[in-house]
Amino acid sequence: MKYSEEIQKLLPLGYLYLVILGILKESLFYYQFGINILKYSTIMDILISPIAEFTSNPLTLVFVVFLFVFHFYLPKLLLKYKDKKSLQKVFELKSTEGLSEEAAKNYYTFVSFKMFAMILLSFFIGTGIGNGYFAMEKIKNGTVKYNYKLNYNSGESEQIYLINSNSIYYFYVQKGSKIIKIAPVAAIKYIEKDLKFGFIAQ
């Protein structure tokens, strides 16, 4: 079996893993605000959550692309330099002596995917907990920037700090308040955002 065919077979399982990680990250983030995000999400929100996370910031996207490319070629590098003691120690490799080239390649592919999966797990858990914690601390200390303005269909408007949003809800804190509010997208006529310049500006 060709290496590319092995990758194609693993892609559906890989995306399922990413979806699970996306659910985990969102749950850890919103849990800190006392919100069960699954009650406020559609199936589409859940399916695109990992893609949304990867594209949320250019630096994140570059990091993920680099990780994917690195781990795509890692099995070939491990096979080529399998006798290097330093690599064996870093990646905790077992000896492939006595294995065929195909069996050795399959082993190094497994090592690469396992390492990639662990890095992604750490990334999603870390961003979920970290982003939620720092956002909550800013709200508690009153240091958030109210750089969004919600304009409702009724004609009313609110200056807010936008915690996050999905396809059907906005999660935010109104200026002068520390209470988390949840507004359905259908109730919003349009949203305004202060313009911020810079490559990684959000």
message: Looking at Pro50 and the list (1) open to solvent by less than 40 Å² (accessible area, probe 1.4 Å); (2) part of a loop (DSSP other than H, G, I, E, B); (3) at pLDDT 85 or above, which single condition is not satisfied?
response: (2)
- request: Just name the residue that is nearest to Lys181 (Cα to Cα) out of those in the range 94-105 that are open to solvent by 60 Å² or more (accessible area, probe 1.4 Å) and part of a loop (DSSP other than H, G, I, E, B).
  value: Lys94
field: Selection status of Lys149, loosely packed, with under 11 Cβ neighbours inside 10 Å and of a type outside the set (Gly, Ala, Ser)
entry: no
Counted residues, the range 174-192 - those being without any contact (Cβ under 8 Å) to a residue 60 or more places away in the chain and open to solvent by less than 70 Å² (accessible area, probe 1.4 Å): 9
field: Those strands (runs of 3 or more DSSP E) lying entirely in the range 122-202 with at least 1 residues closer than 30 Å to Ile20 by Cβ and in contact with a Pro (Cβ under 9 Å, 6 or more places away or on another chain)
entry: 169-174
field: Candidate set: the range 154-173, residues that are in contact with a Lys or Arg (Cβ under 8 Å, 6 or more places away or on another chain) and surrounded by fewer than 16 Cβ atoms within 10 Å (Cβ to Cβ); chosen: the one farthest from Ile129 (Cα to Cα)
entry: Ser157
field: The lone exception for Leu74 - which of (1) out of contact with any helix residue (DSSP H, G or I) (no Cβ under 7 Å at 6 or more places or on another chain); (2) over 18 Å from Thr127 (Cα atoms) it fails
entry: (1)
field: Any chance Val62 is assigned to a helix (DSSP H, G or I), of a type in the set (A, V, I, L, M), at pLDDT 90 or above and open to solvent by less than 30 Å² (accessible area, probe 1.4 Å)
entry: no
- request: Any residue in the range 127-146 that's under 21 Å from Val64 (Cα atoms): show its pairings with residues that are open to solvent by 30 Å² or more (accessible area, probe 1.4 Å) and assigned to a helix (DSSP H, G or I) at Cβ separation under 6 Å, as long as the two are six or more apart or on different chains.
  value: Gly128/Leu28; Ile129/Leu28
message: Looking at the structure I just gave you, is Thr143 over 29 Å from Pro50 (Cβ atoms), open to solvent by 80 Å² or more (accessible area, probe 1.4 Å), β-branched (Val, Ile, Thr) and modelled with pLDDT under 95?
response: yes
message: Quick check on my filter: what residues within the range 106-140 are of a type in the set (S, T, N, Q) and surrounded by 14 or more Cβ atoms within 10 Å (Cβ to Cβ)?
response: Asn106, Thr109, Ser112, Thr127, Asn131
- request: Residue by residue through the range 72-92, note down the ones that are outside any helix (DSSP H, G or I) and either at pLDDT 80 or above or open to solvent by 50 Å² or more (accessible area, probe 1.4 Å) (or both).
  value: Tyr81, Lys82, Asp83, Lys84, Glu92
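The values are calculated or read from the model by the stated rules, or taken from the named source; none is laboratory data. This one's a predicted model, so the numbers in the text were calculated from it and none came from an experiment. All Cβ positions, glycine included, derive from the backbone under ideal geometry; neighbour counts span all protein chains shown. Just so you know, the surface numbers come from the protein's heavy atoms only, side chains and all, with ligands and any DNA or RNA stripped out. Shrake-Rupley method; radii C 1.70, N 1.55, O 1.52, S 1.80 Å.
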